[in-house]
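Encoded as structure tokens, the structure appears first; notes follow it.
Only the coordinates and a few stated rules stand behind these numbers; no lab work does. What you are looking at is a predicted structure, and each value in this text was computed from that prediction instead of being measured. Quick reminder, even Gly has a Cβ in these numbers, built from the backbone with ideal geometry, and neighbours come from all protein chains shown.
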Amino acid sequence: MARIPEGRLATYGQIAAAIGAAGAARQVGWALRRLPLPSPLPWHRVVNARGRITMTTSREGSDWLQRQLLIAEGIPVGLDGVLPLERYLWRSVGGLRS
């Protein structure tokens, strides 16, 4: 996850596959949710496979923080959390492929 470049996105599933845990996208999401904020890791660049930020009160504002951080990197995000995943998806080395 630390290798995801600024202005690019990866999915929870890509991260799971890269660590040898294909099919464990949900567990990746749970782990990222437990990161202390602020975090030096670019957790905000990881989104779901539908190209959305999960906007929910259970995230205690981290959804809005994620949205703001992505917008600051030049990735447009709607108020509903929808973003252009295909345009910004990172397809690179290290097993991070869609």
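Data overview
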{"quantity": "Residue-by-residue Karplus 3J(HN,Hα) for the range 74-85, coefficients 6.51, -1.76, 1.60, Hz, glycine and proline x", "calculated": "x, 9, x, 9, x, 4, 8, x, 7, 9, x, 4"}
{"quantity": "For residue 82, residues with placed amide H under 5 Å, excluding near neighbours", "calculated": "53"}
{"quantity": "For the range 64-69, 3J(HN,Hα) per residue [Karplus equation, 6.51 cos²θ - 1.76 cosθ + 1.60, θ = phi - 60°, Hz, x = Gly/Pro]", "calculated": "5, 5, 4, 4, 4, 5"}
{"quantity": "Calculated from backbone phi, Karplus (6.51, -1.76, 1.60) coupling profile of the range 38-50 in Hz, x at Gly/Pro", "calculated": "x, 10, x, 7, x, 4, 5, 8, 9, 10, 7, 5, 8"}
{"quantity": "Per-pair calculated FRET efficiency, R0 = 30 Å: residue 79 and residue 27 via Cβ, rounded to 0.05", "calculated": "0.60"}
{"quantity": "Amide proton proximity set for residue 9, modelled H, under 5 Å, gap of 5+", "calculated": "89, 90"}
